[in-house]
1. Ile45: outside any loop (DSSP other than H, G, I, E, B) and closer than 18 Å to Leu3 by Cα, yes or no?
2. Starting from residues that are closer than 19 Å to Asp116 by Cβ and either over 14 Å from the mean Cα position of the chain (by Cα) or among the small types (Gly, Ala, Ser) (or both), keep the ones in segment 70-87 and report whichever is surrounded by the most Cβ atoms within 10 Å (Cβ to Cβ).
3. With respect to Ser59, determine if the residue is of a type in the set (Gly, Ala, Ser) and either farther than 15 Å from Ile112 by Cα or in contact with a Ser or Thr (Cβ under 9 Å, 6 or more places away or on another chain) (or both).
4. Being modelled with pLDDT of 95 or more, aromatic (Phe, Trp, Tyr) and within 25 Å of His82 (Cβ to Cβ), is that true of even one residue in segment 27-43?
5. Among (1) touching a helix residue (DSSP H, G or I) at 6+ places or on another chain (Cβ under 8 Å); (2) in contact (Cβ under 8 Å) with a residue 60 or more places away in the chain; (3) surrounded by 19 or more Cβ atoms within 10 Å (Cβ to Cβ); (4) not aromatic (Phe, Trp, Tyr), which single condition is Glu44 missing?
6. Mind checking whether some residue in segment 69-76 is out of contact with any Ser or Thr (no Cβ under 9 Å at 6 or more places or on another chain) and over 19 Å from Leu3 (Cα atoms)?
7. Any residue at all in segment 60-77 that's more than 26 Å from Ala15 (Cα to Cα) and either touching a residue at least 40 places away in the same chain (Cβ under 8 Å) or touching an Asp or Glu at 6+ places or on another chain (Cβ under 8 Å) (or both)?
8. Do you know which of the residues in segment 48-84 that are closer than 17 Å to Phe16 by Cβ, in contact with a helix residue (DSSP H, G or I) (Cβ under 8 Å, 6 or more places away or on another chain) and assigned to a helix (DSSP H, G or I) is modelled with the lowest pLDDT?
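The values are calculated or read from the model by the stated rules, or taken from the named source; none is laboratory data. Computed from a predicted model, the values in this text were never measured in an experiment. So basically every Cβ, Gly included, is an ideal-geometry build from the backbone, and we count neighbours across all protein chains shown.
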Amino acid sequence: MTLLLDTHAILWWWAFPDKLSQKARASIEHRENDIWVSSVSAYEISLKQHFNKLEIPQSLIENFEYHVRGEGWTLLPLTCPHAILAGQLETDHKDPFDRLIAAQSIVENVKIVTCDQQISRIQNIDVIW
């Protein structure tokens, strides 16, 4: 099974694994699952750290790709179909990062690991939490 991690799931996995649900943690730990991380998460983490909305080491930002690959995960680039769908999603969810990650999940037909209730209500989203 292929899973796309929402940004908070990545951060919690690295820093606060107890915040993940048991099902989410088990799904990430299961070595037969392919775990994807969106390039959108790199941007979100970097932007929030830059504006002091997220306190994480600069080295994590600078070596984000290294850390992701070190986990055995795959980076998912943002494509035009992802961006177009994110703009057209029928949802009241206003967070552009979440909209992009949700759209990637739909376009790539993969489950998303998130506790975000608004994402779970978007049509054609399959959430693990």
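1. Values: outside any loop (DSSP other than H, G, I, E, B): yes; closer than 18 Å to Leu3 by Cα: no.
Here the answer is no, as Ile45 does not meet what is asked.
2. Kept after step one, since they are closer than 19 Å to Asp116 by Cβ, are these residues of segment 70-87: 76, 78, 82, 85-87.
Subset that is either over 14 Å from the mean Cα position of the chain (by Cα) or among the small types (Gly, Ala, Ser) (or both): 85-87.
Details: Leu85: 19, Ala86: 22, Gly87: 11.
If we take residues in segment 70-87 being closer than 19 Å to Asp116 by Cβ and either over 14 Å from the mean Cα position of the chain (by Cα) or among the small types (Gly, Ala, Ser) (or both), then Ala86 is surrounded by the most Cβ atoms within 10 Å (Cβ to Cβ).
3. On the way: of a type in the set (Gly, Ala, Ser): yes; either farther than 15 Å from Ile112 by Cα or in contact with a Ser or Thr (Cβ under 9 Å, 6 or more places away or on another chain) (or both): yes.
So Ser59 passes the test.
4. Yes; the residues of segment 27-43 include at least one that is modelled with pLDDT of 95 or more, aromatic (Phe, Trp, Tyr) and within 25 Å of His82 (Cβ to Cβ).
5. (2)
6. No: segment 69-76 contains no residue that is out of contact with any Ser or Thr (no Cβ under 9 Å at 6 or more places or on another chain) and over 19 Å from Leu3 (Cα atoms).
7. no
8. Out of the qualifying residues, it is Leu60.
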